[in-house]
Amino acid sequence: MVNRQRAFNQSTLTHADVVIQADILVIGGGPAATWAAWSAAVNGAQVVLVDKGYCGASGAAAPSGNTVWYVPPDRAAREAAIAKRLELGGELCDRQWMSRVLDQTYECIHWLEQWGYPFPLDDQGQIYRRSLQGPEYMRRMRKQIRKVGVDILDHSPALELLVTSDGVVAGATGIQRQLGKRWRVQARSVVIASGGCAFLSKALGCNVLTGDGYLMAAEAGADLSGMEFSNVYGIVPTFASVTKNAFYRWAKFTYEDGTPIEGANAGKGRPLIARALLSQPVYAQLEADDVTQAMMRTAQPNFFLPFDRAGINPFTQRFAITLRLEGTVRGTGGIRVIDETCATSIPGLYVAGDAASREVICGGVSGGGSLNVAWAFSSGVWSGKAAALFARSLGSKAATRDLYRVSQTTQTTPSKVLQPEELIRSVQAEVFPYDRNLFRQEATLTDSLARLHALWREVCQLSISEADEIRGREAIALLATARWMYATALQRQESRGMHKRSDYPQTDANQAHRLLSGGLEQVWVKPDITPVSSYPSLIREVVTL
């Protein structure tokens, strides 16, 4: 099964009902994926995009309002924005990358404006470009990529990558769920933009984000970075899934008896809320004037939908809350990029959006939208263009390459069969509890890792039934992600960014470097002491029309 991490040259292709030849395959259907597909197409590539859901409607960005790290090209304003994030990021950000992201985001926002996105006016009558409504944004992105000729396969999750005999990524296989058909895309290069991992916590839009891209990339030999920065929990009413937390700045948090939780707020006070939840229910109530309430409903209408359905006025009534894990979706960890093209360490494989590590611009702290939205713009555009250039460089020899499967996890054998739901519950039992993931210490991390590693050894002896191929791969991706996450958390013996160790509560200046991780049979972690700004760059200019 997954235990044959790099033995791809012995794995032959399986039958496919649909076989497609393309220059570029983009895996994912959110903002980063659509920007990558558009960028590759306008650079002359034939592009196929495959999405687990419906491109433009699945993922964390699609159902919600999204703030944007948009700063006009004013030197002082840009420097202030970068300086703020450098401090918040725990010295793990890179100024050069941040500057390029601000430049590219500015370009992308104005492309959206040209494509007809209806940016609102602010109180001074000026166009307000610092937020995007997910449904309208993604509707236009789907329309735009179709306009430039991208072929879209909806409800078609990718299961594994294809590689050449010398390890160059050259396509993927998957299943068209609604048609019950297997697909195979043979491509000259691949962009993984499948999002992060929220561990099926039922956070809004996140149940398609199960770390599939991490697993596929690792099977091909890619490494990851920043996986310790993966323990963000979103505040939600107990009866809802909307984890957009900006409005909790207006909240008063109380214990069950009505006593206020001193110091609690949507940001630094979240650990106080979590500690209270370990022993008793916690309640919240929003406090805002009529004008602010109207603004809030306009800016984030689906935040209020669960309250309206439940007949609760959150401004006059208390409501019980809980915390849902959002993992790497609001974290910063992911597949490592090795240069400014968003290439991975594996030839032919590029990465964008939440599937990629965002440490270069976020360090150890991310958030809901803002930098994540800007990163989706930028990494999507850069990876798409670079993938197109790589595909073009192969020339005619690409058509004669033999392709091989990276893993054997989708084969059915007569051995004992994996039970995906049982595995999912076992992983969630290790990553959901606040006293393991939010409040970290060596004893609990070691304890959880021992069980997760044991689960991996057990899973490697199982096969996946044909009926459970998609769910089985999701379950394995959750397990792999949890192992990388806790292994790096154990190695970072300090508190930095969102990673907090109760046994190492201080920040250690000697650990101001990123941690790389990888491996499937044996998980490894090592420091990356090379400044990202010194990585080789193939595309230094901002991509413009």
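The values are calculated or read from the model by the stated rules, or taken from the named source; none is laboratory data. Note that the coordinates shown come from a computational prediction; the quantities given were computed from them, not determined experimentally. A quick note on method: Cβ atoms are made from the backbone with ideal geometry, for glycine too, and the neighbour counts reach across all protein chains shown. These area figures cover heavy atoms from the full protein model, side chains too; ligands, DNA and RNA do not enter into them. Shrake-Rupley method; radii C 1.70, N 1.55, O 1.52, S 1.80 Å.
Have a look at C93, W382, S201 and report the one farthest towards the positive end of the charge dipole of the chain, computed about the Cα centre with Cβ charges (Lys/Arg +1, Asp/Glu -1).
W382
Quote the relative contact order of the range 245-341 in percent (integer), defining contacts as alpha-carbon pairs under 8 Å separated by 6+ residues.
Relative contact order here is 26 percent.
Would you work out if the range 428-524 is rounded, prolate or oblate? Take a ≥ b ≥ c from the square roots of the eigenvalues of the alpha-carbon gyration tensor; rounded if a/c is under 1.5, else prolate when a/b is larger than b/c, oblate otherwise.
prolate
How high is the relative contact order of the chain? Use alpha-carbon pairs under 8 Å, at least six apart in sequence, and give a whole percent.
It comes to 23 percent, rounded to a whole number.
Between the range 171-223 and the range 47-61, how far is it from one alpha carbon centroid to the other, in angstrom?
10
How much accessible area per residue does the chain have, in Å², with a 1.4 Å probe?
For the chain, the per-residue accessible area is 38 Å².
Can you tell me, using C-alpha contacts under 8 Å and at least 6 residues apart, the relative contact order of the range 429-524 as a whole percent?
Result for the range 429-524 is 33 percent.
Straight-line reach only, C-alpha to C-alpha below 19 angstrom: list the lysines that K397 could link to, leaving out same-chain residues fewer than 8 apart.
Of all the lysines, none pass the test against K397 - Cα under 19 Å, at least 8 places apart if same chain.
Pull out the extension gain between D435 and A294, defined as 0.36 nm times the separation in residues minus the alpha carbon to alpha carbon distance; nm, one decimal.
Taking D435 through A294 to full extension adds about 47.0 nm, to one decimal.
Using the Karplus curve 6.51 cos²θ - 1.76 cosθ + 1.60 with θ = phi - 60°, work out ³J(HN,Hα) for each residue of the range 378-393 in order, rounded to whole Hz, and write x for Gly and Pro.
Here the 3J(HN,Hα) series is 5, 5, x, 4, 5, 5, x, 5, 5, 4, 5, 5, 5, 4, 5, 5 Hz.
Would you tally the net charge around K252, using a Cβ to Cβ cut-off of less than 12 Å, leaving K252 out, and scoring K and R as +1, D and E as -1?
So the surrounding residues net to 0.
Return the carbon/sulfur percentage of the accessible area of the chain, one whole number, probe 1.4 Å, all protein chains in place.
Ligands and nucleic acids excluded, carbon and sulfur reach 50 percent.
What length, rounded to one decimal in nm, is gained on full extension from A77 through to R130, with 0.36 nm per residue of separation minus their alpha-carbon distance?
Result: 17.7 nm gained on full extension.
If you plug each phi of the range 78-83 into the Karplus form 6.51 cos²θ - 1.76 cosθ + 1.60 with θ = phi - 60°, what whole-Hz ³J(HN,Hα) values come out, in order, with x for Gly and Pro?
5, 4, 5, 5, 5, 4
May I ask for the net charge around V282, where only other residues with Cβ less than 12 Å from the Cβ of V282 are counted and Lys, Arg are +1 while Asp, Glu are -1?
Surrounding charge for V282 is +2.
Scaled to the compact-protein estimate 2.2 N^0.38 Å, what is the alpha-carbon radius of gyration of the range 236-278, rounded to two decimal places?
Cα-based Rg divided by the globular estimate yields 1.12.
Going by amide H atoms built from the backbone, whose H comes under 5 Å of the H on M227, apart from near neighbours?
G334
Would you please classify the overall shape of the range 74-115 from the alpha carbon gyration tensor, given that a ≥ b ≥ c denote the square roots of the eigenvalues, rounded means a/c under 1.5, and beyond that prolate means a/b larger than b/c while oblate covers the rest?
Prolate is the answer for the range 74-115, as a/c is 1.5 or above and a/b outweighs b/c.
Lys/Arg Cβ at +1, Asp/Glu Cβ at -1, dipole of the chain taken about the Cα centre: which of P281, L49, T259 is farthest positive-ward?
L49
Work out the P(r) tail for the range 1-149: percent of alpha carbon pairs separated by more than 28 Å, whole number.
38
If Lys and Arg each add +1 and Asp and Glu each add -1, what is the summed charge of the other residues whose beta carbon sits under 10 Å from the beta carbon of Y106?
0
Could you sort 176-182, 249-255, 157-163, 273-279 so that the peptide with the highest average Cβ count within 10 Å comes first and the rest follow in order?
Highest to lowest by the protection proxy: 157-163, 249-255, 273-279, 176-182.
Would you please state which residues of the range 160-197 a label at Q428 would reach in this model, taking the label point 7 Å out along Cα→Cβ and a backbone N cut-off of under 17 Å?
Once the point is set 7 Å along Cα→Cβ of Q428, 197 turn out to lie under 17 Å by backbone N, inside the range 160-197.
Could the peptides 53-60, 340-347, 497-504 be put in order, highest first, of the mean number of other beta-carbon atoms found within 10 Å of their residues?
Ranked by mean Cβ neighbours within 10 Å, highest first: 53-60, 340-347, 497-504.
Charges only on Cβ, +1 for Lys and Arg, -1 for Asp and Glu: so what's the dipole of the chain about the Cα centre, in debye to the nearest 20?
So the dipole magnitude of the chain works out to roughly 600 debye.
For the range 47-127, rounded, prolate or oblate, judged on the Cα gyration tensor with a ≥ b ≥ c (square roots of eigenvalues), a/c < 1.5 rounded, else prolate if a/b > b/c?
Since a/c reaches 1.5 but b/c is at least a/b, the shape of the range 47-127 is classed as oblate.
Length gain on complete extension for the stretch D508 to Q285, per 0.36 nm per residue less the alpha carbon to alpha carbon distance?
Value of the extension gain: 76.5 nm.
Hey, can you rank 374-385, 352-363, 286-297 by average C-beta count inside 10 Å, highest first?
352-363, 374-385, 286-297
For n ≥ 4 DSSP H runs only, could you compute -39500 (n - 2.57) per run for the chain, divide by its residues and tell me the 222 nm figure to the nearest 500?
Result for the chain, helices only: -10500 deg cm²/dmol.
Among (i) 233; (ii) 180; (iii) 146, which one is volume of the Cα convex hull per residue in Å³ computed from these coordinates?
Correct label, based on the coordinates given: (iii).
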